[in-house]
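Read through the structure below, which is laid out as structure tokens, and then see the notes.
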Amino acid sequence: TIACLNNKKKENIKDFKDKSFVEDAIKLFRYLTSKGFIIPTEGTYESGGRVVDSFNLMNSWIRDECKIDGENIETIDYKALHPNLNIKIYGGNTKYITHQQIADFLNKDVKEIKIEHLSFFNKHPNQMKKSILFKFYSEREPEMLERIINDKKKNGYKITSTRMFALEVAIMKSCIRRLNADNEYVGYVYDALFCKESVTDKVLKVMNEEIIKHGVYTTACKE
């Protein structure tokens with residue numbers, strides 16, 4: 001939820017931890033752009049080489065106000081990317097997992113599943129066992145889950161994130177290179193690309209084709 005402070009202290013605003021404040025976002029935007037845009041920088045091994053720049057560090061609602069060649073932008077990302085990356089990396093039996101499949105299996109709200117998937121594979125094994133998702137993976141993908149946990153125990157619990165991000169970066173690089181070769185230039189936000197509205201269908205097509213080449217079976221969609 002986006003809200004304004006209006007000279008109030010955050011602590012005096014109800015549910016302030018669940019809100020994004022306009023004043024904070026503008027302050028961050030100015031920091032990221034006042035001396036020019038940050039040159040895209042490739043991250044460390046631990047981050048899987050994820051690239052950082054001004055656009056993926058700013059608040060999404062401000063980024064959505066940007067234009068390319070005078071056109072509004074469209075942001076496109078992949079559905080349920082984290083679980084499907086892990087299927088590829090750790091040899092899952094399910095070809096394509098969706099948040100809705102898991103929500104139905106666990107009888108949970110799909111929004112709760114989406115939120116938990118953002119952190120589940122990044123957790124220490126002991127924390128994974130406390131997650132609402134553990135029941136699904138332990139019953140539907142027990143061998144994959146065992147391989148993930150063994151990898152964490154052998155190489156540190158953050159290794160799963162490193163492997164996920166590295167594959168994600170490889171997929172996004174291939175999408176961007178292919179689009180650039182056709183004189184289409186897009187912005188990068190980790191597992192998403194933003195582009196002019198007029199080329200949305202083209203970017204969707206490229207993203208869907210390139211991810212399949214990497215053996216990950218999910219689809220791209222407009223945010």
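The values are calculated or read from the model by the stated rules, or taken from the named source; none is laboratory data. These numbers come from a predicted model, not from an experiment. Ideal geometry is used to build each Cβ from the backbone, glycine not excepted, and the neighbour counts take in all protein chains shown. Just so you know, the surface numbers come from the protein's heavy atoms only, side chains and all, with ligands and any DNA or RNA stripped out. Shrake-Rupley method; radii C 1.70, N 1.55, O 1.52, S 1.80 Å.
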Checklist entry - What pairs can you find where one residue is in the stretch 11-33 and touching a residue at least 24 places away in the same chain (Cβ under 8 Å), the other is of a type in the set (A, V, I, L, M, F, W, C) and surrounded by 13 or more Cβ atoms within 10 Å (Cβ to Cβ), and their Cβ atoms are less than 7 Å apart, with a gap of 6+ or different chains? => result ALA25/ILE62; LEU28/MET58; PHE29/MET58; PHE29/ILE62; LEU32/ILE38; LEU32/LEU57; LEU32/MET58
Next on the checklist: Name the residue that is farthest from GLU42 (Cα to Cα), counting only residues in the stretch 159-175 that are open to solvent by 20 Å² or more (accessible area, probe 1.4 Å) and small (Gly, Ala, Ser).
Outcome noted: SER174
Next on the checklist: Among the residues of the stretch 165-200, what is the count of those that are assigned to a loop (DSSP other than H, G, I, E, B) and either of a type in the set (A, V, I, L, M) or within 14 Å of the chain's Cα centre (by Cα) (or both)?
Outcome noted: 3
Checklist entry - For the stretch 167-191, how many residues meet the condition of being under 23 Å from LYS95 (Cβ atoms) and at pLDDT 95 or above? => result 8
Checklist entry - LYS152 versus (1) touching an Asp or Glu at 6+ places or on another chain (Cβ under 9 Å); (2) surrounded by 13 or more Cβ atoms within 10 Å (Cβ to Cβ): which is the lone unmet condition? => result (1)
Next on the checklist: Please go through the stretch 201-218 and give me each residue that is out of contact with any Phe, Trp or Tyr (no Cβ under 7 Å at 6 or more places or on another chain) and in a loop (DSSP other than H, G, I, E, B), ordered by number.
Outcome noted: HIS214, GLY215, VAL216
Checklist entry - Are there any pairs with C-beta distances below 9 angstrom linking a residue in the stretch 196-219 that is farther than 16 Å from TYR96 by Cβ to a residue that is in a loop (DSSP other than H, G, I, E, B) and among the aliphatic types (A, V, I, L, M), with the two at least 6 apart or on different chains, and if so which? => result LYS196/VAL186; VAL199/VAL186; VAL203/VAL186
Checklist entry - Among GLY49, GLY92, which is of a type in the set (Gly, Ala, Ser), modelled with pLDDT of 90 or more and buried (at least 16 other Cβ atoms within 10 Å of the Cβ)? => result GLY92
Checklist outcome for this item: Within the stretch 176-205, the count of residues that are aliphatic (A, V, I, L, M) and open to solvent by less than 10 Å² (accessible area, probe 1.4 Å) comes to 4
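For the stretch 132-159, give me each residue that is aliphatic (A, V, I, L, M), within 22 Å of GLY48 (Cβ to Cβ) and not in a helix (DSSP H, G or I).
LEU133
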Checklist entry - Restricting the search to the stretch 97-131, which residues are surrounded by 15 or more Cβ atoms within 10 Å (Cβ to Cβ) and in a loop (DSSP other than H, G, I, E, B)? => result ILE97, THR98, LYS108, LYS123, SER131
Checklist outcome for this item: Here the residues within the stretch 1-16 that are open to solvent by 100 Å² or more (accessible area, probe 1.4 Å) and more than 20 Å from TRP61 (Cα to Cα) are ASN7, LYS8, LYS9, GLU11, ASN12, LYS14
Next on the checklist: Just the residues that are open to solvent by 60 Å² or more (accessible area, probe 1.4 Å) and assigned to a helix (DSSP H, G or I), please, taken from the stretch 77-89.
Outcome noted: LYS88
Checklist entry - Does any residue in the stretch 147-158 that is closer than 16 Å to TYR45 by Cβ come within less than 6 Å, Cβ to Cβ, of a residue that is assigned to a helix (DSSP H, G or I) six or more places away or on a different chain, and which pairs are these? => result ASP151/ILE159
Next on the checklist: When you scan the stretch 134-146, do you find a residue that is in contact with a Lys or Arg (Cβ under 8 Å, 6 or more places away or on another chain), modelled with pLDDT of 95 or more and surrounded by 13 or more Cβ atoms within 10 Å (Cβ to Cβ), even just one?
Outcome noted: no
Checklist entry - What do you reckon, is THR162 in contact with a helix residue (DSSP H, G or I) (Cβ under 9 Å, 6 or more places away or on another chain) and part of a helix (DSSP H, G or I)? => result yes
Item to check | Residue ID - farthest from the chain's Cα centre (by Cα), chosen from residues in the stretch 11-57 that are among the β-branched types (Val, Ile, Thr) and part of a strand (DSSP E or B) | outcome: THR41
